[in-house]
Amino acid sequence: MSEQPVKGPASYFPSIEKKYSRPVAEWVELVRASPLTRHMELVAWLKTEHGIGHGHANALVKHALTEK
């Protein structure tokens, strides 16, 4: 039985952790602690305040807002 490839936001997690030297759980905590609530506001915030690329920011926000 072969393993299914990781899909969706989680497929970005290894590269996010490697590139930005923080575990995904910390990024998720930051997103959830932010006073911002709209998806694209949070993406823009991660990009401008933390220097995260658009795809990585989008994946983190999607995960933080959908996984409770």
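Solvent-accessible area per residue in the chain equals 69 Å², computed with a 1.4 angstrom probe and all protein chains kept. The count of lysine pairs in the chain whose Cα atoms are under 22 Å apart, excluding pairs fewer than 8 places apart on the same chain, comes to 9. One chain, two ends: Ala33 and Lys19. Fully extended at 0.36 nm per residue, the span grows by 2.8 nm beyond their Cα-Cα distance.
Could you work out the local net charge near Lys47, counting Lys and Arg as +1, Asp and Glu as -1, over the other residues with Cβ closer than 15 Å to its Cβ?
Numbers: positive: Lys19, Arg38, Lys62; negative: Glu41, Glu49.
That works out to +1.
Taking square-rooted eigenvalues a ≥ b ≥ c of the alpha carbon gyration tensor, is the stretch 20-68 rounded, prolate or oblate, where a/c under 1.5 means rounded and, failing that, a/b exceeding b/c means prolate? Taking the square roots of the gyration eigenvalues as a ≥ b ≥ c, the stretch 20-68 is rounded. Fully extending the segment from Ala10 to Glu67, taken as 0.36 nm per residue of separation minus the present Cα-Cα distance, adds 19.4 nm.
Can you give me the % of accessible surface on the chain that is carbon or sulfur? Probe 1.4 Å, all protein chains present, nothing else counted. Don't jump to the answer; show the numbers that get you there.
Working: 2560 of 4720 Å².
Here carbon and sulfur together make up 54 percent of the probe-accessible area.
The values are calculated or read from the model by the stated rules, or taken from the named source; none is laboratory data. All values reported here derive from a predicted model rather than from experimental measurement. When we count neighbours, we look across all protein chains shown, and the Cβ atoms used for this are built from the backbone with ideal geometry, even at glycine. Side chains included, ligands, DNA and RNA excluded: accessible areas come from the protein's heavy atoms. Shrake-Rupley method; radii C 1.70, N 1.55, O 1.52, S 1.80 Å.
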